[in-house]
Amino acid sequence: DTMARRLRARLAYITEFAGNVSHEFKTPVSALRGTVELLRDDDAMPPAQRARFLDNALVDLDRLSNLVGGLLRLAGAEEGGKREDVDLDALISEGLRRFPGVRSSGEAGAVHGVREQLDAVLLNLVGNALRHGGPTGSVERFRGEGRAGFVVVDDGPGIDPAHLAQLFDRFFTTDRARGGTGLGLALVKTIAEGHGGGVEVGSRPGETRFRVWVAA
């Protein structure tokens, strides 16, 4: 019975995932097909218009490339990886070199996990904070009660309350205009849960806090 329930749950997951992927790929693929057919059939198209269509095609190709890359990272997170002792404090300090001006404080200590995945969590959350929040941000490390992790804080306008419940859903994004795929926060959640932890968000005008933790 347990195996049957797991198989049914896995089948439901695969069916939903396949439907999501199909939906997300349908729009850029259709747009590319229309562009190629138009360029093929209209030999008299003015050069400026042809260039505009080609630029739009490149945008669609970039979106497809980002989707494929995001799906591969998500699949890798679901499969797990080679675990080792990871010094979260050192990982965070090294990772924040890519984000000058982001402050950090506290201590998280060492955990047993996949270094590359934990680094991806930091990169996603801090990158999002700087892209959607204010000009500054901070990372607060913590450890206690069998948990270790960090909180990424920004001082931006906050997240629309109507979006909070969907933030970690695959393919949900409010940033499609800038190439968002809706896979970054889904990846964060998958990695955190795969490490025996989780992620949560609290937001109000002037402050958004993403808190992520793993088993310590």
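The values are calculated or read from the model by the stated rules, or taken from the named source; none is laboratory data. What you are looking at is a predicted structure, and each value in this text was computed from that prediction instead of being measured. FYI the Cβ positions are ideal-geometry reconstructions off the backbone, even for glycines, and counts take in every protein chain you see. Keep in mind that these areas ignore ligands, DNA and RNA; they rest on the heavy atoms of the full protein, side chains included. Shrake-Rupley method; radii C 1.70, N 1.55, O 1.52, S 1.80 Å.
Only residues that are farther than 18 Å from Glu78 by Cα and open to solvent by 70 Å² or more (accessible area, probe 1.4 Å) were counted across the stretch 3-21, and they come to 2. A Cβ distance below 6 Å, combined with a sequence gap of six or more or placement on separate chains, defines the contacts here; from the stretch 28-46, residues that are within 10 Å of Ala57 (Cβ to Cβ) and outside any helix (DSSP H, G or I) reach no residue that is of a type in the set (Val, Ile, Thr) and open to solvent by 70 Å² or more (accessible area, probe 1.4 Å).
Every residue, every condition in (1) touching a helix residue (DSSP H, G or I) at 6+ places or on another chain (Cβ under 9 Å); (2) polar (S, T, N, Q); (3) touching a residue at least 60 places away in the same chain (Cβ under 8 Å), yes or no:
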{"site": "Phe99", "(1), (2), (3)": "yes, no, no"}
{"site": "Val102", "(1), (2), (3)": "yes, no, no"}
{"site": "Ala120", "(1), (2), (3)": "yes, no, yes"}
{"site": "Asn124", "(1), (2), (3)": "yes, yes, yes"}
{"site": "Gly127", "(1), (2), (3)": "yes, no, no"}
{"site": "Thr136", "(1), (2), (3)": "yes, yes, no"}
{"site": "Arg141", "(1), (2), (3)": "yes, no, no"}
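Restricting Leu32, Leu38 to those that are in contact with a Phe, Trp or Tyr (Cβ under 8 Å, 6 or more places away or on another chain) and farther than 30 Å from Arg143 by Cβ reduces the list to Leu38. Against the conditions (1) assigned to a helix (DSSP H, G or I); (2) at pLDDT 80 or above; (3) in contact with a Lys or Arg (Cβ under 8 Å, 6 or more places away or on another chain), Asn20 satisfies every one except (2). Looking at Asp89, Asp60, Asp85, just one residue is out of contact with any Cys (no Cβ under 8 Å at 6 or more places or on another chain) and open to solvent by 70 Å² or more (accessible area, probe 1.4 Å), and that residue is Asp85. Applying a threshold of 9 Å to beta carbon distances and a minimum spacing of six or more residues, or different chains, the list of pairs starting in the stretch 47-60 at a residue that is in a helix (DSSP H, G or I) and ending at one that is among the polar types (S, T, N, Q) and open to solvent by less than 70 Å² (accessible area, probe 1.4 Å) reads Phe53/Thr35; Leu54/Thr35; Asn56/Thr35; Ala57/Thr35; Asp60/Thr35.
Give the residue that is modelled with the highest pLDDT, with candidates limited to residues of the stretch 61-88 that are in a loop (DSSP other than H, G, I, E, B) and closer than 26 Å to Phe172 by Cβ. Step through it out loud before you land on a result.
Restricting attention to the stretch 61-88, the residues satisfying the condition of being in a loop (DSSP other than H, G, I, E, B) are 80-83.
Next, only the ones that are closer than 26 Å to Phe172 by Cβ stay: 80-81.
Numbers: Gly80: 72, Gly81: 78.
Among them, the one singled out is Gly81.
On the basis of being surrounded by fewer than 12 Cβ atoms within 10 Å (Cβ to Cβ) and either touching a helix residue (DSSP H, G or I) at 6+ places or on another chain (Cβ under 9 Å) or free of Cβ contacts under 8 Å to residues at least 12 places away in the same chain (or both), does Glu94 make the cut? Here the answer is no, as Glu94 does not meet what is asked.
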